[in-house]
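Where a number appears in this text, it was derived from the coordinates with a stated rule and is not lab data. Values in this document were obtained by computation on a predicted structure and should not be read as measured data. We place every Cβ from the backbone using ideal geometry, glycine too, and count neighbours over all the protein chains shown.
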Amino acid sequence: MSGRLKVLLALAAVVVVGGAVSVAVRPPSPQERLRALRVELRALKDSAEACSAALALDQRKFTRYQAHVDSLRERIDALEDIVPEGVPGDSYPAYLETVDSFNAAVPDWQPTADSLAANRDACQARIQAHKTMADSVRAIAASLGLLDPSPDSGTR
């Protein structure tokens, strides 16, 4: 390889590396920032939707659990109300079994309700983060002239 070719290749390498460094250190353009925000926005939307779906499933499970606890309580009340003197002897084994089932189920109620409330709060936070970022993306897109920023433009 001739000396002149080596110099040209070295210069080309410097230009390529210099260009790559300038791209790496220059701040992103508004369009690049908008593209990155849209990717983040999509990820937040997917996260909020997944959270909402899981929350709906947890809510249905809790509703079934609550119905089970309520039915046990109603069964206990019904057995206790058969006669004014208390539970009749022939119903006592069923009564004890129902009370045991109720007592086994009840301790889980508060932690389950608390977990459901915490999950609801977490989902609301994700949904709010998505809404906030969507507003930012709209504002950036409007500043770039990519959409009409007026409130009547139907972008909301």
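Across the stretch 31-145, the convex hull enclosing all Cα atoms gives 98 Å³ per residue. Couplings 3J(HN,Hα) of the stretch 62-78, computed from phi: 5, 4, 5, 4, 4, 5, 5, 4, 4, 5, 5, 4, 5, 5, 4, 4, 5 Hz, in residue order, whole Hz [Karplus 6.51 cos²θ - 1.76 cosθ + 1.60, θ = phi - 60°; x for Gly and Pro]. Please identify which residues in the stretch 95-117 have an amide N closer than 17 Å to a label point set 7 Å out from the Cα of Tyr65, following the Cα→Cβ vector. In the stretch 95-117, the label zone of Tyr65 (backbone N under 17 Å from the point 7 Å along Cα→Cβ) covers 101-117. Near Gly86, no amide H atom lies under 5 Å from its own; only residues 5 or more places off or on other chains count, and H is placed 1.01 Å from N. Here the calculated FRET efficiency for Ala43 and Ala117, from their Cβ-Cβ distance with R0 = 25 Å, stands at 0.50, rounded to the nearest 0.05.
In the stretch 31-145, a dipole from Cβ-located charges (positive for Lys and Arg, negative for Asp and Glu) runs towards its positive end, and of Ser143, Leu44, Phe62 it is Ser143 whose Cα lies farthest in that direction.
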